[in-house]
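What follows is a short report on a single structure.
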Amino acid sequence: MALVSADSRIAELLGELHQLIKQTQEERSRSEHNLVNIQKTHERMQTENKISPYYRTKLRGLYTTAKADAEAECNILRKALDKIAEIKSLLEERRIAAKIAGLYNDSEPPRKTMRRGVLMTLLQQSAMTLPLWIGKPGDKPPPLCGAIPAASDYVAKPGDKVAARVKAVDGDEQWILAEVVSYSHATNKYEVDDIDEEGKERHTLSRRRIIPLPQWKANPETDPEALFQKDQLVLALYPQTTCFYRALIHAPPQRVRGPSPLGGTDLRLAGGLS
C-alpha cells in the first residue's frame, strides 16, 4: 500500500513540476520585452552620447522591473527544485521499501545480483546528478554540501550512501562505499550494506567508522569555501571500484562541471579525513 501511495504522490508531483516549468517559460517570455527595451534605451543613449534625466528615470524603472521579473522567475525555479528533491526522496523511499520487502519475502525467488558494469554506471550517474546547492543571497552552504562535514549529532538515514571502514578478508581495514540500513541509538551503531552486491556483506559499525557523503555539490563561483582545498586529504572513489583510497586534492574545481580536482583521477564521491 505504501508503494502505491508513493507512486500516486510522485505522479502528482510530476504534474506540479510540469506546471512550474510552463510558468518559468511564461515568466521568461513576459520579461523578455522589458530586457529588449533596456538594450534599445542603451543604444539610443550611445547614439546621443549623453545621459539625460529622461533616460536616467526610464532606465531606473526598466531595471526595477527587470529585477522584479528575475526574482519572480527565481522563486518559480526554487519551487521546481523543491519538487524535484521531493520526487527523488520518494523514489529512494520506494526503493528501500521494495528492497526490505524483497529481503523478507520468502515466497519470491532471490533477486539477481546486479552486474558490476551496471553498478558502475549507476554510481557514475548518481555522482553526476548530485544536486547543486543554490542558496538565497546571504545563505551559507549547509552541512554535507561539498567539503562541509555533517553535524556532530547527525545520523545518516536508511538508503544514504556513506564511506564505511570495514575489515577485509585478509584482516586489513579498508574504506568502502556502503548504504545505510539502520541506526541504533541504544548502541550508537550503524548497520550498512556493501554497495557491491557481489559481496553481499552487511556490517555493524560504530559512528566513528562511518563518514556520511556529500548530499549537494558546492558551486565554486558562489561558495568556494565549501570546496575541498588544495593539499587537503580526502577519500576518493576510484572509477570502476567501490573502494576508497586516500588522496590529496591537487586543485579545487573552478566551475560546477570541470576537470577532476585530483589531477587526472575521476573523483566520484569524497569525504574528508581527520
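What the table below lists for this structure:
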quantity	calculated
Among residues of the range 123-143, those that are of a type in the set (Gly, Ala, Ser), assigned to a loop (DSSP other than H, G, I, E, B) and either exposed (fewer than 11 other Cβ atoms within 10 Å of the Cβ) or in contact with a Lys or Arg (Cβ under 8 Å, 6 or more places away or on another chain) (or both), counted	1
When residues of the range 144-159 are limited to those that are assigned to a loop (DSSP other than H, G, I, E, B) and within 12 Å of the chain's Cα centre (by Cα), the one farthest from ARG208 (Cα to Cα)	GLY146
Residue that is nearest to the chain's Cα centre (by Cα), among those in the range 201-238 that are in a strand (DSSP E or B) and basic (Lys, Arg)	LYS217
Residues of the range 192-240 satisfying the condition of being among the acidic types (Asp, Glu) and either surrounded by fewer than 16 Cβ atoms within 10 Å (Cβ to Cβ) or within 26 Å of PRO141 (Cα to Cα) (or both)	GLU198, GLU201, GLU221, ASP223, GLU225, ASP231
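Every number in this text was worked out from the coordinates using simple rules, so none of it is lab data. What you see is a predicted model; the values in this text were computed from it and never measured. Counting neighbours? That spans all protein chains shown, and the Cβs are built from the backbone with ideal geometry, glycine included.
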